[in-house]
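The values are calculated or read from the model by the stated rules, or taken from the named source; none is laboratory data. None of the values given here were measured: they were computed from a predicted structure. Positions of Cβ are backbone-derived with ideal geometry, glycine not excepted, and every protein chain shown enters the neighbour counts. Note: accessible area is taken over every heavy atom of the protein model, side chains too, but ligands, DNA and RNA are not part of it. Shrake-Rupley method; radii C 1.70, N 1.55, O 1.52, S 1.80 Å.
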Amino acid sequence: MWIKNNIPDLSGKIAIVTGSNTGIGFETAKALFAAGAQVTIAARDVQKAKNAIQKIQSHTAGTGTLDYGKLDLANIGQVREFADLFMQKHTKLDILVNNAGIMVPPAAKTDDGFELQFGVNFMGHFALTGYLLPLLKQTANARVVTLSSGAATLVDSIDFDNLRLEKSYDEWREYAVSKLADILFSYELDRRFKNARMSAISVAAHPGVTRTDLQRNIPDENLEGMFAAFDQVMDPWQGALPSLFAATDASVEGGKFYGPDGPKEYAGYPALSNHHTAAMNDEALAKMLWEYAENAIQLTYKFK
């Protein structure tokens, strides 16, 4: 059973956790800090990020450091500003946890015109990772952990003609598409790391069923009914364990997916995920998604 106590000493390691002012991201940042890492809490609301730092420092014994940065994943220009500022302050990046997310909101678009869930959950993190690539290239054994969900198994394709809500909106379908995109990105990024002979690895993780602010768009009565259908609903500290395992454990391999080890992966402790679908492992679809993303935001990943 892998728990936070299994995290190795992270002294000298530089980490970013997106959306870490609350929920699973907060618990991830807190555990990395406790293990000695220099952690940047990347959040859209600077005051909430500062509050999170204060909360961690007052309740957690840690040898690391905590900083914050304004990161609005719904605005690609602002994502670039965050990355530029971070690169002015740091010469390496050991751990990037693409954690922030949004789930089943009313139909809306990002500032750049993408469906909100696809835009925040995938496009914003695709941009962030690409803009931070210069640091990842010059860091030995860097890790990129991208959060997905069991919902990624609910769709078997991506409709590239509906990513800006050109046709219709189904909140659960769009959430599943964004999480499938996260998996495809994570796997493709690892393949490209390997092709470039980089020591960095890219892995995916999912938290199982965890009660957090992510569900804020689901009415309370619906949420309680949904949670009642699961044998166990985890608290954020336990939901964060797959992310922490993926970010720190020596046994982790690039191009893999980690989640809880319980029945249907709803709850438990970190292990290799058994969530595998043809779409998730479709390399041609992953390349199409990559090209779409690069063209849509005019960002070319430069691995060499």
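Assorted remarks:
- With the whole protein complex present, D156 retains an accessible surface near 130 Å², based on a 1.4 Å probe.
- The GluC sites (Glu not before Pro) of the stretch 123-176 meeting both criteria, a DSSP state outside H, G, I, E and B (loop) and at most 14 other C-beta atoms within 10 angstrom of the site's C-beta, are E166.
- Of all aspartates and glutamates in the structure, the ones whose alpha carbon falls short of 18 Å from that of K13, not counting any fewer than 8 places away in one chain, are E27, D67, D94, D249.
- Global form of the chain, assessed from the alpha-carbon gyration tensor, a/c cut-off 1.5: rounded
- In the assembled protein chains, T65 presents an accessible area of approximately 70 Å² (probe radius 1.4 Å).
- The stretch 261-304 shape via C-alpha gyration tensor axes, a/c threshold 1.5: prolate
- Multiplying the residue separation of H276 and D84 by 0.36 nm and removing their Cα-Cα distance gives an extension gain of 65.5 nm.
- Relative to the Cα centre, the charge distribution of the stretch 4-297, modelled as +1 at Lys and Arg Cβ and -1 at Asp and Glu Cβ, gives a dipole magnitude of about 1060 debye.
- Mean accessible surface per residue for the stretch 1-96, computed with a 1.4 Å probe while every protein chain stays in place, in Å²: 46 Å²
- Its DSSP H runs of at least 4 residues, each contributing -39,500 (n - 2.57), put the calculated 222 nm mean residue ellipticity of the chain at -11500 deg cm²/dmol, to the nearest 500.
- Share of carbon and sulfur in the accessible heavy-atom surface of the stretch 4-297 [1.4 Å probe, %]: 47 percent
- Full extension of the chain between D235 and K167 gives 20.8 nm of extra length, using 0.36 nm per residue less the Cα-Cα distance.
- Between A196 and D111, the distance separating the two model label sites (each 7 Å from Cα on the Cα→Cβ line) works out to 2.6 nm.
- Taking the stretch 98-129 and a reference point 7 angstrom along Cα→Cβ of K55, the backbone N atoms nearer than 17 Å belong to 99-101.
- Karplus 3J(HN,Hα) series, Hz, for the stretch 102-108 with 6.51 cos²θ - 1.76 cosθ + 1.60 (x for Gly, Pro): 9, 9, 6, x, x, 3, 6
- For the stretch 84-212: lysine pairs under 24 Å (alpha-carbon distance), excluding those fewer than 8 apart on one chain: 8
- Amide H contacts of Y68 (H built 1.01 Å from N, in plane; Pro and chain starts excluded): I41 sit under 5 Å, all sequence-distant by 5 or more or on other chains.
- Sparsely packed chymotrypsin sites (Phe, Trp or Tyr not before Pro) within the stretch 63-121, loop by DSSP, other Cβ within 10 Å at most 10: none
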